[in-house]
1. Net charge near LEU128, counting Lys/Arg +1 and Asp/Glu -1 over other residues with Cβ under 14 Å of its Cβ?
2. Could you tell me the relative contact order of the chain? Use alpha-carbon pairs under 8 Å, at least six residues apart, and round to a whole percent.
3. Just to be sure I understand, if you calculate mean projected area of the Cα convex hull in nm² for this structure, which of (1) 9.0; (2) 8.0; (3) 10.8 do you get?
4. Using helices alone, what [θ] at 222 nm do you get for the chain, with -39,500 (n - 2.57) per DSSP H run of 4 or more residues, divided over all residues and rounded to the nearest 500?
5. Just want the answer: with Cβ charges of +1 for Lys and Arg and -1 for Asp and Glu, which residue in LEU50, ALA111, PHE35 is farthest toward the dipole's positive end in the chain?
6. Grab the beta carbon distance between ARG118 and SER52, set R0 = 35 Å, and tell me the FRET efficiency rounded to 0.05.
7. Note the full-extension length gain between ALA103 and THR39 as 0.36 nm times their separation in residues minus their Cα-Cα distance, in nm to one decimal.
Amino acid sequence: MSRYVVSLALVAALLWGQPPRYRELRRVIDRNTGFAHMTRGVNMYTLYALRSCVGERDIPVLRDMLRDKDRIKRMAVSSVLTDMGGEGERVVRARLAEVKDAAEKMMLEDALGDPARRDYRPILEYPLTAAGRARIRGCK
């Protein structure tokens, strides 16, 4: 019984040890994550929801989220940071310099390469129908 209580306390400390804004942005990603071929992934709704919730003042929280244990969250955050330009891109480049994992490096490089594409469209300029907008579950 004591192991159960200690485990529960550790989980609670980890979950509630994160700042409220971090938890809120995690929820936004989770509520807008897509599923295809029985696989969870980032889609335009995920990126639009997150990008519409964040601004320059959220960069420190997003920087911390680049180290989240969930790859989907890291992927969404890296795309949103590069979409923000300037400081957001610098944060992703700094993280890229730190990581050793090849898959993680590739994900960060992809995020950095997106804005350089000729056909790149900023996230908040995605063409969405009224039904598409209604589907997005953003910040409170």
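Every number here is computed from the coordinates shown, using simple stated rules; none is lab data. Predicted model only: the values in this text are computed from it and were never measured. A quick note on method: Cβ atoms are made from the backbone with ideal geometry, for glycine too, and the neighbour counts reach across all protein chains shown.
1. That sum, taken over residues with Cβ under 14 Å, equals +4.
2. 26
3. (3)
4. Computed ellipticity for the chain at 222 nm equals -19500 deg cm²/dmol.
5. Towards the positive end, the residue furthest out is PHE35.
6. The formula returns an efficiency of 0.90 here.
7. 21.3 nm
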